[in-house]
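These notes are about the structure you will find just below.
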Amino acid sequence: MDMDELGLSQIGNQKFWRTGGSLFSKGNIWYDGNAGEGVYNVHDIENAKEMLKKSGYDGTPIVILNGKDDNVESQGAIALKDQLEDIGFNVELQLYDRPTVVEQRSKVDAWNLHLTYFLETNPDPQVFGAWVGSNG
């Protein structure tokens, strides 16, 4: 996926967002500027097409479920749909009001992807201990 395209479609002005593979912000002791290297934001359409072909994908629609009342979600979902279709996926985009999204998300077989965003925080690193496998 082209994360820069997704960021532009979701937020717009690059002054207000950044891409990066690290869960943590610069300045946090667990920040890793190399996180996701080789897999995050690679955006190699030809390789993705080849991998999809090798996977045996049968054309079953990939359902993206998102809210239409949140431009960050809806515009990002539209851009994601376009990127997935460029690779060769059959994609069904479902944009609903928030209550319907919440209801549909509770149905295990009703959707495959839900695009959202992460607001950067820089809490005490101990808060994230369970996420990074730390025992102490």
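The values are calculated or read from the model by the stated rules, or taken from the named source; none is laboratory data. All figures in this text were calculated on a predicted structure; none of them were measured in a lab. Quick reminder, even Gly has a Cβ in these numbers, built from the backbone with ideal geometry, and neighbours come from all protein chains shown.
In this structure, Lys53 does not satisfy being over 20 Å from Thr116 (Cβ atoms), exposed (fewer than 15 other Cβ atoms within 10 Å of the Cβ) and at pLDDT below 95. Scanning the range 54-69 turns up one or more residues that are in a helix (DSSP H, G or I) and not aromatic (Phe, Trp, Tyr). When Glu92 is tested against (1) closer than 17 Å to Met3 by Cβ; (2) modelled with pLDDT of 95 or more, exactly one condition is not met: (1). When Asn41 is tested against (1) on the phi > 0 side of the Ramachandran plot; (2) exposed (fewer than 11 other Cβ atoms within 10 Å of the Cβ), only condition (2) is not met. Among the conditions (1) buried (at least 17 other Cβ atoms within 10 Å of the Cβ); (2) closer than 20 Å to Met1 by Cβ; (3) at pLDDT 90 or above, the only one that Asp86 does not satisfy is (1). Pairs linking a residue in the range 1-30 that is closer than 16 Å to Asn71 by Cβ to a residue that is part of a loop (DSSP other than H, G, I, E, B) and β-branched (Val, Ile, Thr), with Cβ atoms under 7 Å and 6 or more positions apart or on different chains, are Gly7/Thr19; Trp17/Ile11.
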